[in-house]
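So the structure is just underneath, and the comments pick up after that.
The values are calculated or read from the model by the stated rules, or taken from the named source; none is laboratory data. What you see is a predicted model; the values in this text were computed from it and never measured. Note that each Cβ is placed from the backbone with ideal geometry, even for glycine, and that neighbours are counted across all protein chains shown. The accessibility values were calculated without ligands, DNA or RNA, using every heavy atom of the protein model including side chains. Shrake-Rupley method; radii C 1.70, N 1.55, O 1.52, S 1.80 Å.
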Amino acid sequence: QVQLVESGGGLVQPGGSLRLSCAASGSIFSINTMAWYRQAPGKQRELVADITSGGSTNYAYSVKARFTISRDNAKNTAYLQMNSLKPEDTAVYYCNAVMLAMNGGTWLDYWGQGTQVTVSS
């Protein structure tokens, strides 16, 4: 069974930092793009950042220069370093990955369970 598990969320004051981790586990053959999405109350889920297997990155305009996405392919793990956090960054953050399982088949979209990030004084 292939799954994604996030960690690292919590409560932080404005201007603070948090680092989220997303570990993929199970019978994984290959991982393509990994991404972080977020969903604030009453809003649609939005892409925060993504990173290809080769390391190319893409960011939402609202987080550019504040957030950094990275990945460790040997550990099947993606990270999201969030600096200069603002109250509007408050949301549930979800990890997403396009993966191919060992038992073959097709590339599938996987989601983590989400981790809450709250930015408040």
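For this structure, a couple of remarks:
- Structural descriptor for the chain: relative contact order 36 percent, calculated from alpha carbon pairs under 8 angstrom and at least 6 residues apart.
- Residue 88 versus residue 5: modelled label distance in nm, points set 7 Å from Cα along the beta carbon direction: 3.5
- Heavy-atom accessible surface of the chain, averaged per residue, reaches 53 Å², computed with a 1.4 Å probe.
- Whole-percent pair-distance distribution, where bins are 10 Å wide, for the alpha carbons of the stretch 1-101: 15, 50, 28, 6
- Rough spin-label spacing in nm, given labels placed 7 Å along Cα→Cβ, for residue 32 and residue 75: 2.5
- Cβ-Cβ FRET estimate between residue 107 and residue 44, R0 fixed at 30 Å, reported to 0.05: 0.80
- Cα→Cβ-extended label distance, 7 Å offset, between residue 100 and residue 25, nm: 2.5
- The longest part of the chain holding none of the exposed loop trypsin sites (Lys or Arg not before Pro), meaning those outside H, G, I, E and B in DSSP with at most 12 other Cβ atoms within 10 Å, is 65-121.
- Solvent-accessible area, 1.4 Å probe, carbon plus sulfur percent, for the chain: 48
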